Amino acid sequence: MQFFKDNINFDFMGARKTFLVVSAIAVAVCVVLTIAIGPKFGIDFMGGTEIQVRFKENADASQIRAVLRDIGFSSAEVVSVGSEGKSYLIRLHTVSAVSAEQSEKAKKSFQESLKGSEISKFDFSPGGDKLTIRISKEQSIESVEKAAVEANLSLGAALEQPNSKQENAEAGAVETSKKCKSVTCTWPYQNFFVYEISLKGVSDRIMDGLRAQSFGQNAERERSEWVGPKVGQQLKEAGIWSVVYALILIMIYIAVRFDLRFAPGAVVALIHDVFITVGIFTIARVEFTLGTIAALLTIIGYSLNDTIVVFDRIRENMSKMKERRLVSVINMSINQTLSRTILTSLTTLFVVVALLTIGWNTNVRDFAFALLIGIIVGTYSSIFIASPIVAWIDSRFFKKTE
């Protein structure tokens with residue numbers, strides 16, 4: 001099946017300078033806007049909490065957002081998961097249920113409640129669902145939990161009694177006298193006593209708030225994850241380097257597989273695709289997540305596939321028509337592969353549009369949106385960016401084509 005007749009001869013290379021200038025301006029605008037506005041990073045890169053909740057009856061996202069606002073999470077994102085209207089994914093940039101200010105107040109409250117005991121350690125877990133304190137005198141578990149309540153801390157679920165022998169994380173040795181009661185465990189450590197108190201974290205507070213509503217009774221927490229700011233920064237750096245490494249390896253492969261003239265054109269086209277997609281994401285305020293990075297890498301692979309098809313035809317025609325100028329050979333090769341390029345892109349676009357339409361209110365929306373932009377931009381760059389750059393490099397560093 002062909003989209004165009006065999007004898008078509010569009011003069012793509014004749015307008016190559018115009019398209020290169022337009023593309024350069026578009027990339028520059030996207031870069032400036034990305035720097036000026038700044039990308040909108042998701043919890044994967046900025047840190048935050050993600051909770052998937054399943055309700056017994058159909059629930060509405062607006063109802064869930066109203067409950068979250070009432071309990072102090074006004075900036076939460078709520079998206080539907082699946083088509084039943086019972087499962088929702090809640091994302092918010094809050095990691096810990098305890099702020100730095102609350103931590104300081106809680107420590108002062110503990111010092112007042114446990115007078116006569118020196119507190120040498122007072123640490124909340126990154127998620128705020130656990131408090132570890134180390135004090136000089138042994139206290140009853142009841143008195144420690146009472147001090148936690150007086151410090152306005154919400155105690156978590158009751159702990160199960162562990163085995164008699166436990167690994168003491170602080171001492172790094174086997175501990176034989178660890179005791180747990182209610183939500184608190186205690187064990188001796190050198191000349192101090194360590195108390196570990198289970199607290200209600202962000203996900204617990206959200207579940208309590210939802211279950212208190214008529215539509216949220218008996219709601220189930222299917223999964224709960226959080227990412228700290230340090231881990232988020234590491235993931236951000238890893239995501240950026242994954243794209244950079246992909247471009248470098250692609251450039252090496254093209255140079256070895258085809259010709260040194262072809263490699264820069266392929267990489268410039270891919271960089272063009274990435275910058276345009278990132279710019280549109282920034283303008284549209286779409287969150288950058290690990291899924292977005294996966295979409296960018298998918299776009300790179302898809303665009304490269306189109307480019308290699310054109311390059312392969314150019315190389316084939318170069319060996320057959322050595323007497324013709326490279327610009328003419330490139331233009332003929334693009335026309336010969338045009339039907340294949342458009343048909344492949346349209347087929348993929350139909351799938352992506354369907355995915356985007358059906359999954360607009362789900363967590364696949366951003367991934368599908370990135371693919372939609374990437375396919376359109378990638379098809380354009382394979383024809384109007386990669387091939388003209390091959391001609392320019394040949395005329396500038398190898399031989400004259402005109």
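Odds and ends about this structure:
- Tally of residues being in a helix (DSSP H, G or I) and either under 13 Å from K130 (Cα atoms) or of a type outside the set (D, E) (or both) across region 193-226: 12
- Qualifying residue in region 298-311 (condition: of a type in the set (D, E), assigned to a helix (DSSP H, G or I) and surrounded by fewer than 18 Cβ atoms within 10 Å (Cβ to Cβ)): no
- In region 158-192, of all residues being at pLDDT 80 or above and assigned to a loop (DSSP other than H, G, I, E, B), the one that is nearest to S136 (Cα to Cα) corresponds to N191.
- Some residue of region 318-333 being under 23 Å from V27 (Cβ atoms) and out of contact with any His (no Cβ under 6 Å at 6 or more places or on another chain): yes
- Sole exception among (1) crowded, with 19+ Cβ neighbours inside 10 Å; (2) in contact (Cβ under 8 Å) with a residue 60 or more places away in the chain; (3) over 15 Å from D273 (Cα atoms) for V352, by number: (2)
- Comparison of A386, A354, A370 shows that the only residue that is within 30 Å of A61 (Cα to Cα), in the same structural domain as A269 (by TED's automatic domain parsing), in contact with a helix residue (DSSP H, G or I) (Cβ under 7 Å, 6 or more places away or on another chain) and among the small types (G, A, S) is A370.
- Criterion violated by I358 - all others in (1) buried (at least 18 other Cβ atoms within 10 Å of the Cβ); (2) farther than 18 Å from F258 by Cα; (3) among the β-branched types (V, I, T) satisfied: (1)
- In region 108-124, the residue that is nearest to S140 (Cα to Cα) out of those that are buried (at least 17 other Cβ atoms within 10 Å of the Cβ) and in contact (Cβ under 8 Å) with a residue 24 or more places away in the chain is L114.
- Only one entry of S99, S136, S80 meets the criterion of being surrounded by fewer than 16 Cβ atoms within 10 Å (Cβ to Cβ) and within 27 Å of the chain's Cα centre (by Cα), and that entry is S99.
- Near pairs, Cβ below 8 angstrom, 6+ apart or cross-chain, from region 270-281 (in the same structural domain as I299 (by TED's automatic domain parsing)) to any residue that is among the charged types (D, E, K, R): F281/K40
- Check on L270, within 18 Å of the chain's Cα centre (by Cα) and assigned to a helix (DSSP H, G or I): no
- The single condition from (1) touching a residue at least 12 places away in the same chain (Cβ under 8 Å); (2) of a type outside the set (S, T, N, Q); (3) surrounded by fewer than 17 Cβ atoms within 10 Å (Cβ to Cβ) that R69 fails is (1).
- Taken together, G209, G232, G228, G201 contain a single residue that is out of contact with any strand residue (DSSP E or B) (no Cβ under 6 Å at 6 or more places or on another chain) and either at pLDDT 85 or above or closer than 21 Å to I375 by Cβ (or both), which is G209.
- Condition check for L89 on (1) in contact with a Leu (Cβ under 8 Å, 6 or more places away or on another chain); (2) at pLDDT below 90; (3) assigned to a strand (DSSP E or B): one failure, at (1).
The values are calculated or read from the model by the stated rules, or taken from the named source; none is laboratory data. The model shown is predicted, which means the values in this text are computed figures rather than measured ones. Don't worry about glycine lacking a Cβ; one is built from the backbone with ideal geometry, like all the others, and counts go over all protein chains shown.
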